[in-house]
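Scroll down for the structure; my scribbles are underneath it.
Any read-out appearing in this document is the output of simple, stated calculations on the displayed coordinates, not a laboratory observation. None of the values given here were measured: they were computed from a predicted structure. All Cβ positions, even for glycine, are placed from backbone atoms using ideal geometry, and neighbour counts span all protein chains on display.
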Amino acid sequence: MRRSLKESFSYAFWGLIYSLRTQRNMKIHFLAGIGVLTLSLFLPFNGYDYLFVFFAVALVIITEMINTAIEATVDLFTQDYHRLAKIAKDVAAGAVLLAAINSIGVFFLVIIPKIKGFSYLNFYRIRFYPLHILLLLIGLLFLLYTFISYGRSRGGKGHF
């Protein structure tokens, strides 16, 4: 059966929602990422700063989702202890750890120096950059859609 593009995006979105609903660490990483991206809107960033921060956040989220997929796949095949299952799960968790360490490095190399030069005038900066407003709106729309979809799925009409 061939899926439509809309169905493919829907399944991908529900994969993200599943990760957010069921994985404690995904919730932590996601909220930290939103916090850092929101903070970055108020700091004097250039394009490269945004690039490094965005990719560091995305890398942690992506590796956490891959870790979730690997754990679910291993659990599908065995609930018993098996050395290879442990290796698969540990390696996937190690990838998340490296991504998180990378994001901490980006935080110290990119964000901390900008915070040191922070002034309250930077709060007014957001009004003058339409890109900041667009990013905030996209984030808010994503969160709104997530909560609406979550509510539908709890009522039995969602994807799961």
Taking a ≥ b ≥ c as the square roots of the eigenvalues of the Cα gyration tensor of the range 3-57, is the shape rounded (a/c under 1.5), prolate (a/b larger than b/c) or oblate? oblate
Charges at C-beta only: +1 for Lys and Arg, -1 for Asp and Glu. How large is the resulting dipole of the range 1-74 about its Cα centre, in Debye rounded to 20? 300
Using every alpha carbon pair in the range 32-122, what percent of pairs falls into each 10 Å bin from 0 up to the bin containing the largest distance? 16, 37, 22, 15, 8, 2
Figure the gain on full extension for Thr73 and Lys86 (residue separation times 0.36 nm, minus the Cα-Cα span) and round it to one decimal in nm. 3.5 nm
Which FRET efficiency value, to the nearest 0.05, do you get for Ala93 and Leu39 by plugging their Cβ-Cβ distance into 1/(1 + (r/R0)^6) with R0 = 22 Å? 0.20
Average Cα contact separation per residue, the range 1-80, under 8 Å, 6 or more apart, as relative contact order %: 33
If amide H atoms are built 1.01 Å from N in the plane of the peptide, which residues on other chains or at least 5 residues away come under 5 Å of the amide H of Phe42? none
Modelling each spin label as a point 7 Å along the Cα-to-Cβ direction, I'd like the Phe13/Asn25 distance in nm, to one decimal. 2.8
